[in-house]
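Engineer: Please see the structure below; I have some questions.
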Amino acid sequence: MPIMEWNSDLDVGVEAMNDEHKQILDLMNRIHDASTAGQTGAPVIKLVDDLAQVTIDHFRDEERYMEQTGYSGLATHKLIHKDLLEKYTGYATDIRAANGVLPDKFLMFLKLWLTAHIKGIDMKYGPKADQLKKAG
């Protein structure tokens, strides 16, 4: 059972960002499935590392998009991204040290990330995207 499935509530109004969010969601679901199946070791560590890389790339792309569109909340959004990556890195370090054992608090962190960040924070740049579509 997935941690969350893609639906219109996650649509931020920017196709490229939606596509990247779908990649993040897919990896989160694969990590969740691995945990549910009791998997550990190198395959789980690889999933955690893959999610880290996709997230780093996404945050870079998202910040670039916000900069290009003149989004006024960019500075705050960058700080939130930095905080998320620091927390994620801490979990990833612990997971590597535990040979791929996924703690429940990590899975809760992933779900919170989806609900609070994508559904909350990321939705704030959607209206700017709408304005640009209407203007251009």
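This table checks each residue for (1) among the basic types (K, R); (2) over 14 Å from I121 (Cα atoms).
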residue: N7; (1), (2): no, yes
residue: E20; (1), (2): no, yes
residue: K46; (1), (2): yes, yes
residue: E67; (1), (2): no, yes
residue: T76; (1), (2): no, no
residue: D83; (1), (2): no, no
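Engineer: In segment 46-75, what residues are surrounded by 14 or more Cβ atoms within 10 Å (Cβ to Cβ), more than 13 Å from the chain's Cα centre (by Cα) and among the aliphatic types (A, V, I, L, M)?
Structural biologist: If the condition is that a residue be surrounded by 14 or more Cβ atoms within 10 Å (Cβ to Cβ), more than 13 Å from the chain's Cα centre (by Cα) and among the aliphatic types (A, V, I, L, M), then L47, M66, L74 are the ones that fit.
Engineer: Also: Given the residues A16, A34, which is the only one that is crowded, with 18+ Cβ neighbours inside 10 Å and in a helix (DSSP H, G or I)?
Structural biologist: Details: A16 fails: crowded, with 18+ Cβ neighbours inside 10 Å.
The unique qualifying residue is A34.
Engineer: Can you spot a residue in segment 76-84 that is more than 20 Å from A116 (Cβ to Cβ), out of contact with any strand residue (DSSP E or B) (no Cβ under 8 Å at 6 or more places or on another chain) and of a type outside the set (G, A, S)? Steps first, please.
Structural biologist: First, the residues of segment 76-84 that are more than 20 Å from A116 (Cβ to Cβ): none.
No, segment 76-84 contains no residue that is more than 20 Å from A116 (Cβ to Cβ), out of contact with any strand residue (DSSP E or B) (no Cβ under 8 Å at 6 or more places or on another chain) and of a type outside the set (G, A, S).
Engineer: Can I ask one more? With the requirement that a residue be more than 15 Å from H21 (Cα to Cα), hydroxyl-bearing (S, T, Y) and at pLDDT 95 or above, what does segment 37-75 give you? Walk me through it before giving the result.
Structural biologist: First, pick out the residues of segment 37-75 that are more than 15 Å from H21 (Cα to Cα): 37-49, 64, 66-75.
With the extra rule that they be hydroxyl-bearing (S, T, Y), the set shrinks to 40, 69, 71-72.
Residue satisfying the conditions is T40 alone.
Engineer: Test R30 against the criterion of being within 17 Å of L114 (Cα to Cα) and at pLDDT 95 or above, and give yes or no. Before you say what the answer is, go through the steps one by one.
Structural biologist: Details: within 17 Å of L114 (Cα to Cα): yes; at pLDDT 95 or above: yes.
Yes.
Engineer: Among the residues of segment 49-100, write down those that are in a helix (DSSP H, G or I), farther than 23 Å from A37 by Cα, without any contact (Cβ under 8 Å) to a residue 12 or more places away in the chain and not acidic (D, E).
Structural biologist: Residues satisfying the conditions are Q53, R60, R64, Q68, L74, A75, T76, L79, K82, G90.
The values are calculated or read from the model by the stated rules, or taken from the named source; none is laboratory data. It should be emphasised that the depicted structure is a prediction, and the values quoted were computed from it without experimental measurement. As a convention, Cβ positions derive from the backbone with ideal geometry for all residues, glycine included, and neighbour counts pool all protein chains shown.
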